[in-house]
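Below is one structure, written out as structure tokens, with a few remarks after it.
The values are calculated or read from the model by the stated rules, or taken from the named source; none is laboratory data. Here the structure is a predicted model, which is why all the values come from computation and not from measurement. For neighbour counting, all protein chains shown are included, and Cβ atoms are generated from backbone atoms with ideal geometry for every residue, glycine included. What goes into the accessible areas is simple: the full protein's heavy atoms, side chains included, and nothing from ligands, DNA or RNA. Shrake-Rupley method; radii C 1.70, N 1.55, O 1.52, S 1.80 Å.
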Amino acid sequence: MNLRPWKVVRPPRVLVGWLAALTAAGALQVWLHLQTTEIGYQLSALHKLVDRLAKERSDLEVELATLTSLRSLDAVAKARLGLRPPRDGQIVGMP
């Protein structure tokens with residue numbers, strides 16, 4: 001039985017170069033897809049935050065309008081501070 005030694009077959013350098021380039025391009029595509037997905041999640045979270053803050057601002061504007069209305073101020077002045085309309089003689093004009 002005559003056995004021949006194994007001959008090491010090396011692929012051409014051009015083939016190795018193309019495989020390396022395709023592998024790098026695939027890795028870049030996967031990385032870009034992951035980055036796009038992550039930025040999409042961040043953008044969605046920011047949209048939710050903007051919506052929540054807009055609603056909170058709207059609620060605060062309503063509360064401010066309520067608290068600064070004359071009827072509300074009159075009720076607070078009477079209930080909390082015990083203020084009453086002035087009696088005759090309590091109003092003094094400035095010269």
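Zone of residue 51 (label point 7 Å along Cα→Cβ, backbone N under 20 Å): which residues in segment 19-36?
From segment 19-36, the list is empty.
Indicate the gyration tensor shape class of the chain (rounded, prolate or oblate), computed on the Cα atoms with a ≥ b ≥ c the square roots of the eigenvalues: a/c under 1.5 is rounded; otherwise a/b larger than b/c is prolate and the rest oblate. Kindly include the intermediate steps, with their values, before the conclusion.
Details: a/c = 9.23, a/b = 6.86, b/c = 1.35.
Verdict is prolate for the chain.
What does the accessible area per residue of the chain come to in Å², with a 1.4 Å probe and no ligands, DNA or RNA counted?
104
Would you mind finding the longest exposed-site-free stretch of the chain, with exposed trypsin sites (Lys or Arg not before Pro) meaning DSSP loop and at most 10 other Cβ atoms within 10 Å?
Free of exposed loop sites, the longest segment is 8-79.
Check each of the chymotrypsin sites (Phe, Trp or Tyr not before Pro) in segment 1-39 and keep only those in coil by DSSP with at most 13 other C-beta atoms within 10 angstrom; list them in order.
Details: sites: 6, 18, 31; in loops: 6.
Passing sites in segment 1-39 are 6.
What angle, in degrees between 0 and 90 and rounded to the nearest 10, separates the Cα long axis of helix 70-79 from the longest principal axis of the Cα atoms of the chain?
Roughly 70 degrees between the two axes.
Return the calculated 222 nm mean residue ellipticity for the chain, to the nearest 500 deg cm²/dmol, obtained by summing -39500 (n - 2.57) across DSSP H runs with n ≥ 4 and dividing by the residue count. List each step's numbers first, then the result.
On the way: 2 runs with 65 residues, N = 95.
Calculated mean residue ellipticity at 222 nm is -25000 deg cm²/dmol.
Between residue 10 and residue 36, what length comes free when the chain is fully extended (0.36 nm per residue of separation minus the Cα-Cα distance, one decimal in nm)? Working shown, then result.
Details: separation 26, 0.36 × 26 = 9.36 nm, distance 3.92 nm.
5.4 nm is the gain from fully extending residue 10 to residue 36.
Suppose accessible area is computed on protein heavy atoms with a 1.4 Å probe; arrange 88, 59 from highest to lowest.
88, 59
How high is the FRET efficiency from residue 87 to residue 64, r the C-beta distance, R0 35 Å, rounded to 0.05? Each step should come with its number before you reach the end.
Details: r = 33 Å, r/R0 = 0.93.
Calculated transfer efficiency: 0.60.
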